[in-house]
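What follows is a single structure, written as structure tokens, with notes after it.
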Amino acid sequence: VATKRYLFTPGPTPVPPAVLAAVGAPVLHHRSSDFLPVYERVLGRLRAVCRTENDVLLFGASGTGAFESAVANLVSPGERHLVVSAGSFGERWVAMTSAFGAEVDVLRYAWGETPDADDLRARLGESEAKAVWLVHSETSTGVVADVRALAAAAKDAGSIVVVDAVSSLGAVPCETDAWGLDVVVSGSQKALMSPPGLGLVAVSAGAFAATGSAPRFYFDWERTREAQEKLDAPFTLPVSLVAGLDVALELLLDEGLETAFDRHVRLGRAARAGVKALGLELFSPDEDRSAVVTAVRAPSGIDSGDVIRSLRDRFGITIANGQGDLKGKIFRLGHIGWFDLFDITTQIAAVELVLADLGVDVERGVAVTAALEGFSAEPSRA
Ligand code: PLP
């Protein structure tokens, strides 16, 4: 039985030792002079990673909690909102905006399809929406949407743009200000290389001006904005996680965002090249933008859950199953955050061994080489 553990899911993701050391340091008081410089630095670094001058509000919460802050602040009962949904997380935002009483129009795609800005433009031409709710990286399918084009369509129609960037921020370009994204939501446990537990939301002046009447308290944006302005957290922050995130963001900014984006493109290429060389079928698109997670169809007659169980039991490797109707049908190889080439070749080699043992006729001995070659090609900047 394997004792060594490899975490290869698209969240939570592996955390660098320097981040873990900061998380494990003695706990500071959240209003002490020891902690305030850390808090201030993290808020500044989050703005840099979000590429925004807007306030980035930090909450002790998962990504869904940070997203709920957007819904609680922007949705008033009876208002019209539009959600673009092409997977599990799009459906979550349909459910959440509906739960807050919005009249929700859904531009819905089959899971695995890529949302199209012209479709959005056409739908908004038929009926207006106060806000358009987008998913940047739909982690359930591996599709990374063209948020820039989708946001432009929403802005042209006068809607506020809200983006779920939970699995994309820090992995693929997310230009909050340049693309006019009013609200960008993310979490600590994906490409930001930190443990789960912190949610963040970048909020434009336009979004602050559009807040509505839904009941809220902990997640009230204005309360946290005013408090952050004075570096006086309104509630007890998970200070250890904030200290860890400070180090993680420093690592990311020292690497350089563009360099990190290039690395993710190459990791995605390596994963797809390896999968194809095994003779398996990709579920996620075979394109550079799909740099967050590589979704793979299980070979016919094989339940992806058996592949996942075998990887865990034999090698201590954790990858993700499909969600919803895709459970048992696909498996997902993660590559966001603190990942390098060998995290990909390890996944590919282990999948090869496990599938061969399950009796699948995979091509032997070529996939790791294909992954190495996929990684080494220089990414071209769009
Ligand atoms: N949105 C996307 C695209 C995600 O990948 C996740 C991750 O699980 C979430 C939202 C929800 O985040 P959390 O699990 O931190 O609530």
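The values are calculated or read from the model by the stated rules, or taken from the named source; none is laboratory data. The structure presented is a predicted model; accordingly, all values stated were derived computationally and were not measured. Here the Cβ is made from the backbone with ideal geometry for all residues, glycine too, and neighbour counts use every protein chain on show. Protein only, heavy atoms only, side chains kept; ligands, DNA and RNA dropped before computing areas. Shrake-Rupley method; radii C 1.70, N 1.55, O 1.52, S 1.80 Å.
Descriptive notes on the structure:
- Scanning region 45-59 for residues being more than 12 Å from the ligand (Cβ to nearest atom) and open to solvent by less than 30 Å² (accessible area, probe 1.4 Å) gives a total of 7.
- Filtered residues of region 102-120 (kept if closer than 18 Å to V161 by Cα and of a type in the set (G, A, S)): A102, A117
- Test for R41: is it away from the ligand (no atom under 15 Å from the Cβ), touching an Asp or Glu at 6+ places or on another chain (Cβ under 6 Å) and in a helix (DSSP H, G or I): yes
- Note on region 67-85: residues that are in contact with a Ser or Thr (Cβ under 7 Å, 6 or more places away or on another chain) and within 16 Å of the ligand (Cβ to nearest atom) total 2.
- Look at region 95-112: where a residue is within 20 Å of G212 (Cβ to Cβ) and a partner is acidic (D, E), sitting 6+ places away or on another chain with Cβ atoms under 6 Å, you get A102/E79.
- The set of residues from region 258-275 being open to solvent by less than 10 Å² (accessible area, probe 1.4 Å) and closer than 27 Å to G197 by Cα comprises A260, H264, L267, G268.
- Per the listing G316, G301, G328, the residue uniquely within 29 Å of L192 (Cβ to Cβ) and either open to solvent by less than 10 Å² (accessible area, probe 1.4 Å) or of a type outside the set (V, I, T) (or both) is G316.
- Selection within region 61-91: residues that are assigned to a strand (DSSP E or B) and open to solvent by less than 30 Å² (accessible area, probe 1.4 Å). The member of this set that is farthest from T13 (Cα to Cα) is H81.
- Going through (1) more than 20 Å from the chain's Cα centre (by Cα); (2) within 25 Å of H264 (Cα to Cα) one by one, V1 falls short only on (2).
- Criterion violated by T141 - all others in (1) on the phi > 0 side of the Ramachandran plot; (2) within 16 Å of the ligand (Cβ to nearest atom) satisfied: (1)
- Pair list, Cβ under 6 Å, 6 or more apart: region 119-131 residue at pLDDT 95 or above, other residue assigned to a helix (DSSP H, G or I) and surrounded by 12 or more Cβ atoms within 10 Å (Cβ to Cβ): L120/L150; L120/A153; R121/A153; A131/L74
- Verdict on A202 being modelled with pLDDT of 95 or more, open to solvent by 10 Å² or more (accessible area, probe 1.4 Å) and either away from the ligand (no atom under 12 Å from the Cβ) or closer than 25 Å to S240 by Cβ (or both): no
- Extreme residue, nearest to the chain's Cα centre (by Cα), among residues of region 211-257 that are small (G, A, S) and buried (at least 17 other Cβ atoms within 10 Å of the Cβ): A248
- The residue of region 92-131 that is farthest from S284 (Cα to Cα), among those that are away from the ligand (no atom under 16 Å from the Cβ) and crowded, with 23+ Cβ neighbours inside 10 Å, is A102.
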